[in-house]
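First up is the structure itself, then whatever we jot down about it.
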């Protein structure tokens, strides 16, 4: 492969861990639900995993984990309404 790739954004797992710490410590979020895009696993799976692992380590509780297809049904409002 002769491509040269320059990343301008940090690893998404760093952002996910920071968001989990902020949510837990600054906003008092201890119970959470995940809604993720199954059509973009390269992004959403990495983010989901880092966020959930960090929240668990802090003492958070996962109450739901729902996937949606952004290509088949770009709106996830029905998932949010059911939470």
Q. Quick one: would you say residue 22 is over 21 Å from residue 80 (Cβ atoms) and either buried (at least 18 other Cβ atoms within 10 Å of the Cβ) or without any contact (Cβ under 8 Å) to a residue 60 or more places away in the chain (or both)?
A. no
Q) So, of the residues in segment 55-83 that are within 15 Å of residue 44 (Cα to Cα) and in contact (Cβ under 8 Å) with a residue 12 or more places away in the chain, which turns out to be surrounded by the fewest Cβ atoms within 10 Å (Cβ to Cβ)? A) 71
Q) Any residue in segment 14-29 that is touching a helix residue (DSSP H, G or I) at 6+ places or on another chain (Cβ under 9 Å) and modelled with pLDDT under 90? A) no
Q: Check residue 42 against each of (1) surrounded by 10 or more Cβ atoms within 10 Å (Cβ to Cβ); (2) modelled with pLDDT under 90; (3) under 13 Å from the mean Cα position of the chain (by Cα) and name the one condition it does not meet.
A: (1)
(Q) Six or more apart or on different chains, Cβ atoms under 6 Å: show the pairs whose first residue is in segment 25-39 and in contact (Cβ under 8 Å) with a residue 40 or more places away in the chain and whose second is surrounded by 14 or more Cβ atoms within 10 Å (Cβ to Cβ) and in a loop (DSSP other than H, G, I, E, B). (A) 35/76
Q | Among (1) more than 20 Å from residue 77 (Cα to Cα); (2) modelled with pLDDT of 85 or more - the single one residue 36 does not satisfy | A | (1)
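The values are calculated or read from the model by the stated rules, or taken from the named source; none is laboratory data. Model, not experiment: these values are computed from the prediction. When we count neighbours, we look across all protein chains shown, and the Cβ atoms used for this are built from the backbone with ideal geometry, even at glycine.
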